[in-house]
Amino acid sequence: DGERIPVSLVWRRGHEPAAAGAMFITGYGAYEISSDPGFSVARLSLLDRGVLYAVPHVRGGGEMGRAWYEQGRRLNKRHTFEDFIDVTAALQDAGLADAHRTVAYGGSAGGLLVGAIANMAPQLYAGIEADVPFVDALTSILDPSLPLTVTEWDEWGDPLHDADVYAYMKSYTPYENAPDSENDERTAVFPKIFITTSMNDTRVLYVEPMKWLARLQHAGVDAVAKIEVEAGHGGTSGRYKQWEEISYENAWCLSMMGITH
């Protein structure tokens, strides 16, 4: 729609992005939360292997003020997904990344984001990692007996009492719009999917990603899930256990980029 989207880029000095073409791109874009620059020791192994790390500051976040947030929630939510897709395409068109070596990552509401962009622009991504992803949002937001639903209406709208909100959410939620058969033309180019979820997650119930997984697999998409039995929404506790988990996730992402050592 003509809006200019800021993006933060990180790569290891001496490993120019164009040389490898591998990109790890991540976003959130919800609840007016800003994706501020920060240090993560867990991601150094990606940078060491020549991967470009990209963070589009999409609408729905708070990086550019209140109006930026308002343009990415409720009946403007699709802007969040369109911004992420446009940044991905722009970086690829600029020669900084290759679609066949691009992996998108998002967790929770960011999992909804990457699930939506997989449906909308599957040809731009080799892989999608979705952690505790909010992918069956419409079903959950329709159920006021769930502990977070009524308060979440402020973010997504109220599909239970507003037909426009219902139709709008149904147009973008990942589960509702995922390929459901091998005859869907997107299936041939759909990225590989890696899902993590937790049995004790009370924010995004594990049934959401499991329903999504079943639908994708039914359509012939290469989709797998890793389920934590004891963890909650934030994943496992203990720093060594967390490093073990992120190493597993990094290994999957690198394999999608064709980097095996």
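The values are calculated or read from the model by the stated rules, or taken from the named source; none is laboratory data. Everything quoted here is computed from the prediction, not taken from an experiment. FYI the Cβ positions are ideal-geometry reconstructions off the backbone, even for glycines, and counts take in every protein chain you see. For accessibility, only protein heavy atoms count, side chains too; no ligands or nucleic acids. Shrake-Rupley method; radii C 1.70, N 1.55, O 1.52, S 1.80 Å.
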Within the stretch 156-219, DSSP-loop GluC sites (Glu not before Pro) with at most 16 other C-beta atoms within 10 Å are 182
Short to long, in 5 Å steps from zero, the percent of alpha-carbon pairs of the chain per bin is 1, 6, 13, 18, 20, 18, 14, 7, 2, 1, 0, 0
Connecting every pair of Cα atoms under 10 Å apart in the chain and solving the GNM, the largest mean-square fluctuation among 241, 77, 170 falls on 241
In units of 2.2 N^0.38 Å, the Cα radius of gyration of the stretch 47-172 is 1.13
So the compactness index of the stretch 149-261, its C-alpha Rg divided by 2.2 N^0.38 Å, takes the value 1.27
Along the dipole axis of the stretch 68-197 (charges at Cβ: +1 for Lys and Arg, -1 for Asp and Glu; origin at the Cα centre), the most positive-end residue among 145, 115, 100 is 100
Result for the stretch 66-126: accessible area per residue, probe 1.4 angstrom, in square angstrom, of 33
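Number of Lys pairs in the chain with C-alpha atoms less than 16 angstrom apart, excluding same-chain neighbours closer than eight positions? Don't skip to the end; give the middle numbers.
On the way: 77/170; 170/211; 192/226; 211/226; 226/241.
Counting lysine pairs in the chain gives 5.
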Percent of all alpha-carbon pairs of the stretch 1-96 at distances over 16 Å, whole number, is 55
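For 153, 68, 243, give me the order by solvent-accessible area with a 1.4 Å probe, most accessible first, ignoring ligands, DNA and RNA. Walk me through the numbers on the way to the answer.
Values: 153 45, 68 15, 243 120 Å².
Descending accessible area places them as 243, 153, 68.
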With Cα coordinates, the longest principal axis of the chain makes an angle with the long axis of helix 207-218, in degrees rounded to 10, of 70
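Carbon and sulfur atoms: what percent of the 1.4 Å accessible area of the chain do they account for?
Working: 6320 of 12090 Å².
Carbon and sulfur atoms account for 52 percent of the accessible area of the chain.
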